[in-house]
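Encoded as structure tokens, the structure appears first; notes follow it.
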Amino acid sequence: MDATTDKTHGNSHSFHGRVEDEPLVRGRGRYVADAPLPNQAYACFVRSPHAFAKIVSIDPAGAMNTPGVVAVLTAKDMEGVGNVSRHPPVAGRNGGKLIISHRPVLAGERVMHLGEAVAVVIANSAQIAQDAAEFVHVEYEELTPVVDARDALKPGAPQIWPEVPGNLALDWPGPQADTAANAAEVERIFASAKYVARMAEMNQRLIVASMEPRGATASYDAASDSYLLRTCSQGAGAMRENALAIMNWPKDKLRVITEDVGGAFGLKTSAYPEYLALLVAAKKTGRPVHWMSGRSEAFLTDNQARDIYSEAELALDEKGKFLALRIRNTANLGAYVGAVGANIPTFNFTRCLPGMYDIKHIDVATRCAYTNTTPTAPYRGAGRPEANYVLERLADEAARISGIDPVKLRRRNLIKPSQMPYKTAIGTTIDSGDFAPILDKALELADYDTFKQRKREAAKRGKYRGLGLSCMLEHAGGAPVESAQLSFPGGDKLLLSLNVQNTGQGHATVFPGVIAERLGIPFASISHTNGDSSHELAGYASVGSRSAMTAGHSIVKAIETIVEKGKPIAATMLETGEADIAYKNGSFEVVGTDRRVSLFAVAARAAEMKKRGEIAEDLDTKTKTETPLSFPNGCHIAEIEIDPDTGRLAVVAYAAVDDCGRPLNATIVEGQLQGSLAQGLGQALMEQTIYDKDSGQLVTGSFMDYAMPRADDMPPLRDAMHNVPATTNPLGVKGVGEAGTTAAIAAVMNAVADAIPNGAGAHLEMPVSAQRIWEACQRAKG
């Protein structure tokens, strides 16, 4: 690993090693399954073996007669629970809007996808519940499913929802105010363009496969008529708000707690049907009820990702200037609208455009379809990898048809620093960036100047060598509102409470490090807590690379507020005027003297004064801020080698230069890049979710059929930073968690296209399996 930081564009402040690691590697983590409650019962869900069917009858008698079974619940036990599908309104074409189908907790009339729950067995042990679930008899009447969004939108396709004609949930015309006029102008430009590059690209469906499957424990307190849900989430507050909206409960009815989380990536943001069933079961049985998904269940029922088909065109003039971009997306929502599922192929996708390039005219439209598959929802990138993939594949295709070198073509079209802040054709404003040096530095790290020599050497060995570029720009931030709380529990201690959940990003390392630096106090004096909705901190989950920007903004504001609240108290303690007080290195001091009092002493005095009623507020501070988007960017270059006789591909080198604004901890930034790169390589090379078109059965239903990247699939990596601080938040951060995934898939696929001669690899679909590559190599030879 070659990690460097460009000191002219913001230094990385690495305060210390990760504090989260020691308890986890020593087995002292507390995950969902690690905290059983007294008298706890266990749940097992009865799931549909069909992708689309009417439920004729459900007979739970066999299960109820099994010793140790406490209850069997079906749809009639869930009466009063609202629609599990919750989604912000999205406007469609000609006054239309997103049609949100009703998702029940337990299916009672029809099952809409394989694995949908129709009943839940509650028993004294997990084994008893699992065994008894086999005795719940469900009679189905099978219907004809449709699993591909393009097929679902064809005339005569099976009608999934009566209220959704033609299975079209949303026809989104794009973000422009006058989409018809914009489309007409783009068409005019295409009609007169010297070159038009065209690509049809499928971002295949993915399964998330987090290390810790989903799970939860629900309990009910009859005395207070309230519930506790302990679950793996990306934000206890966001999970509670989602569940409350579905259950139609007041805020004090439910508390959500999350401790350690074994991987999330967008998967664990919203309330799934199982969690709501557990809440109902806890009240009906009078016992805590626990459920952990098995891996087979996870393959069937966890929100899945991507599944977007894009037809894209790029218009160029005779010199290779990008004139206009046009994209038509077809997105598969699944059987129900997943958490912000329709936002991914619409707003999230479009906000990434025009990438690093100065493209004045853009026309993007998306059709979202219902199918008989598991719902799609956020997964690392959530629209960003899809958009960057289409754009960068188009850039390479434009180089091929124009004869202009791919590097020269990209450099010719980069947004210049003098154009910042850059107002894009789709309405966003890129606040900062310095793109040409990023491209140059990536080429240097990739030893681009000597690549042709390596290609010739590989050819002598009978191998194909290819190099692929991916210039990446994404957006980070999403939900702009976030909160933080700083409180003084006594002694020389400071407690940071956050709404955003640490799911591996190192929050307990990064955020106390920011506080220690800004307040000038020891890192060891600061502790971090999250994962409790009773903190009542407004905000959203840890998604969209938003936590450092949004929570960091609130932390900075809280620090500033604490200092301002502390000055009059310190003045009283030091017997001087407030105007003479300054804060420095953990103490309030009288300017120009050596008289000072520590922050913690002032906090203690403030607490005493508040207790006596002398002041309204002590130094404990809760803040809420709103933070605009930032735009992480970078350039990744993959070098691959192919054996044309077997189709075997090896990523032999990988170079990455990224701009994440001001890096708060260099080690964690590097780890985020590595992790997201692995997920991008997985999509490009091996991961694919396949449903049988006739039956709707999941063909890739286990790790026997669904390949995941391993350590030996990771290439040698040289990476560097070229950071331009964001202007949208006081820390200058841009987010980094999704950069590698967003950039990697196009870098690898462009390298494959470059490697296989005669253009035979230019239009391969992901994942590029050995069979697909071998077939392309045979075409190249022919």
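Those residues that are open to solvent by less than 40 Å² (accessible area, probe 1.4 Å) and assigned to a helix (DSSP H, G or I), I need them from the stretch 602-620; list them, please.
Within the stretch 602-620, V602, A603, A606, M609 qualify.
Before we move on, is V81 open to solvent by 10 Å² or more (accessible area, probe 1.4 Å), farther than 21 Å from R367 by Cα and not charged (D, E, K, R)?
The answer is yes for V81.
What do you reckon, is A538 on the phi < 0 side of the Ramachandran plot, in a loop (DSSP other than H, G, I, E, B), in contact with a helix residue (DSSP H, G or I) (Cβ under 8 Å, 6 or more places away or on another chain) and of a type in the set (G, A, S)?
Considered against the rule, which asks whether it is on the phi < 0 side of the Ramachandran plot, in a loop (DSSP other than H, G, I, E, B), in contact with a helix residue (DSSP H, G or I) (Cβ under 8 Å, 6 or more places away or on another chain) and of a type in the set (G, A, S), A538 comes out as yes.
If we keep just the residues of the stretch 186-233 that are of a type in the set (G, A, S) and in a strand (DSSP E or B), which is most open to solvent (accessible area, probe 1.4 Å)?
Applying the filter and picking the extreme gives A200.
Of the residues V724, V748, which single one is among the β-branched types (V, I, T), in a loop (DSSP other than H, G, I, E, B), in contact with a strand residue (DSSP E or B) (Cβ under 6 Å, 6 or more places away or on another chain) and modelled with pLDDT of 95 or more?
Just one listed residue meets the conditions, V724.
Starting from the stretch 260-278, take each residue that is farther than 21 Å from E738 by Cα and open to solvent by 10 Å² or more (accessible area, probe 1.4 Å) and list its partners that are modelled with pLDDT of 95 or more and β-branched (V, I, T), counting only C-beta distances under 7 angstrom and pairs at least six apart or across chains.
Qualifying pairs under 7 Å: P273/V84; P273/V105.
When you look at L467, is it over 25 Å from T550 (Cβ atoms), in contact (Cβ under 8 Å) with a residue 60 or more places away in the chain and of a type in the set (A, V, I, L, M), yes or no?
So L467 passes the test.
Looking at the stretch 382-397, can you tell me whether even one residue there is over 23 Å from the mean Cα position of the chain (by Cα), over 28 Å from N203 (Cβ atoms) and charged (D, E, K, R)?
Within the stretch 382-397 (the criterion being over 23 Å from the mean Cα position of the chain (by Cα), over 28 Å from N203 (Cβ atoms) and charged (D, E, K, R)), the answer is no, since none of the residues qualifies.
Does the stretch 474-493 hold any residues that are outside any strand (DSSP E or B), among the charged types (D, E, K, R) and either open to solvent by less than 40 Å² (accessible area, probe 1.4 Å) or without any contact (Cβ under 8 Å) to a residue 12 or more places away in the chain (or both), and which are they?
Of everything in the stretch 474-493, just one residue is outside any strand (DSSP E or B), among the charged types (D, E, K, R) and either open to solvent by less than 40 Å² (accessible area, probe 1.4 Å) or without any contact (Cβ under 8 Å) to a residue 12 or more places away in the chain (or both), namely E474.
Specify the residue that is farthest from V724 (Cα to Cα); the eligible residues are those in the stretch 628-640 that are touching a strand residue (DSSP E or B) at 6+ places or on another chain (Cβ under 7 Å) and either of a type in the set (S, T, Y) or open to solvent by 30 Å² or more (accessible area, probe 1.4 Å) (or both).
L629
Quick one: would you say T450 is open to solvent by 40 Å² or more (accessible area, probe 1.4 Å) and within 30 Å of P715 (Cα to Cα)?
Yes.
Quick one: would you say A739 is open to solvent by less than 20 Å² (accessible area, probe 1.4 Å) and over 23 Å from K452 (Cα atoms)?
Yes; evaluated as a whole, the condition is true for this residue.
For the stretch 418-432, state whether one or more residues are modelled with pLDDT of 95 or more, surrounded by 20 or more Cβ atoms within 10 Å (Cβ to Cβ), aliphatic (A, V, I, L, M) and not in a loop (DSSP other than H, G, I, E, B).
Yes - at least one qualifying residue is present in the stretch 418-432.
Across the stretch 443-468, which residue is farthest from A524 (Cα to Cα) among those that are aromatic (F, W, Y) and touching a helix residue (DSSP H, G or I) at 6+ places or on another chain (Cβ under 9 Å)?
Restricting to residues being aromatic (F, W, Y) and touching a helix residue (DSSP H, G or I) at 6+ places or on another chain (Cβ under 9 Å), the top hit is Y464.
Of the conditions (1) in a helix (DSSP H, G or I); (2) open to solvent by 10 Å² or more (accessible area, probe 1.4 Å); (3) in contact (Cβ under 8 Å) with a residue 24 or more places away in the chain, G462 clears all except one; give me its number.
Tallying (1) in a helix (DSSP H, G or I); (2) open to solvent by 10 Å² or more (accessible area, probe 1.4 Å); (3) in contact (Cβ under 8 Å) with a residue 24 or more places away in the chain, G462 fails exactly one: (1).
Can you tell me which condition C471 does not meet? The list is (1) touching a helix residue (DSSP H, G or I) at 6+ places or on another chain (Cβ under 7 Å); (2) farther than 20 Å from N750 by Cα; (3) open to solvent by less than 10 Å² (accessible area, probe 1.4 Å), and all the others hold.
Going through (1) touching a helix residue (DSSP H, G or I) at 6+ places or on another chain (Cβ under 7 Å); (2) farther than 20 Å from N750 by Cα; (3) open to solvent by less than 10 Å² (accessible area, probe 1.4 Å) one by one, C471 breaks only (2).
Considering the stretch 751-771 alone, what residues qualify as being open to solvent by less than 70 Å² (accessible area, probe 1.4 Å) and assigned to a helix (DSSP H, G or I)?
A751, V752, A753, D754, A755, P757, G759, A770 - these are the residues of the stretch 751-771 that are open to solvent by less than 70 Å² (accessible area, probe 1.4 Å) and assigned to a helix (DSSP H, G or I).
Taking the criterion of being open to solvent by less than 20 Å² (accessible area, probe 1.4 Å), in contact with a Cys (Cβ under 7 Å, 6 or more places away or on another chain) and within 20 Å of T231 (Cα to Cα), would at least one residue in the stretch 41-61 satisfy it?
Checked against the condition, which is being open to solvent by less than 20 Å² (accessible area, probe 1.4 Å), in contact with a Cys (Cβ under 7 Å, 6 or more places away or on another chain) and within 20 Å of T231 (Cα to Cα), the stretch 41-61 yields no hits at all.
So is K154 surrounded by fewer than 21 Cβ atoms within 10 Å (Cβ to Cβ) and touching a residue at least 24 places away in the same chain (Cβ under 8 Å) or not? Walk me through how you get there before you give the answer.
Details: surrounded by fewer than 21 Cβ atoms within 10 Å (Cβ to Cβ): yes; touching a residue at least 24 places away in the same chain (Cβ under 8 Å): no.
So K154 does not fit the description; no.
Would you say R710 is open to solvent by 40 Å² or more (accessible area, probe 1.4 Å), under 15 Å from V736 (Cβ atoms) and under 22 Å from the mean Cα position of the chain (by Cα)?
Here the answer is no, as R710 does not meet what is asked.
Which residues, taken from the stretch 163-185, are at pLDDT 95 or above, in contact with a helix residue (DSSP H, G or I) (Cβ under 9 Å, 6 or more places away or on another chain) and in a helix (DSSP H, G or I)?
Scanning the stretch 163-185 gives G166, N167.
Is there a residue in the stretch 174-185 that is open to solvent by less than 50 Å² (accessible area, probe 1.4 Å) and of a type in the set (A, V, I, L, M)?
yes
Test of understanding: among S702, S695, which residue is surrounded by 15 or more Cβ atoms within 10 Å (Cβ to Cβ), of a type in the set (S, T, Y) and at pLDDT 95 or above?
From the options S702, S695, the qualifying one is S695.
Within the set of pairs 6 or more residues apart or between chains, which connect a residue that is under 15 Å from A245 (Cα atoms) inside the stretch 75-94 to a residue that is at pLDDT 95 or above and open to solvent by 70 Å² or more (accessible area, probe 1.4 Å) with Cβ atoms less than 6 Å apart?
Sorted first by the residue in the stretch 75-94, then by its partner, the pairs are G82/N248; N83/H102.
Say we look at the stretch 389-417 and pick out the residues that are assigned to a loop (DSSP other than H, G, I, E, B) and touching a residue at least 12 places away in the same chain (Cβ under 8 Å); which of these is least open to solvent (accessible area, probe 1.4 Å)?
Filtering first and then ranking leaves I415.
Here are the criteria: (1) more than 30 Å from G462 (Cβ to Cβ); (2) touching a residue at least 60 places away in the same chain (Cβ under 8 Å). Tell me which single one L574 does not satisfy.
All conditions pass for L574, except number (2).
The values are calculated or read from the model by the stated rules, or taken from the named source; none is laboratory data. Keep in mind that this is a model prediction, so the values were computed, not measured. All Cβ positions, even for glycine, are placed from backbone atoms using ideal geometry, and neighbour counts span all protein chains on display. The area values use the complete protein model at the heavy-atom level, side chains included, leaving out ligands, DNA and RNA. Shrake-Rupley method; radii C 1.70, N 1.55, O 1.52, S 1.80 Å.
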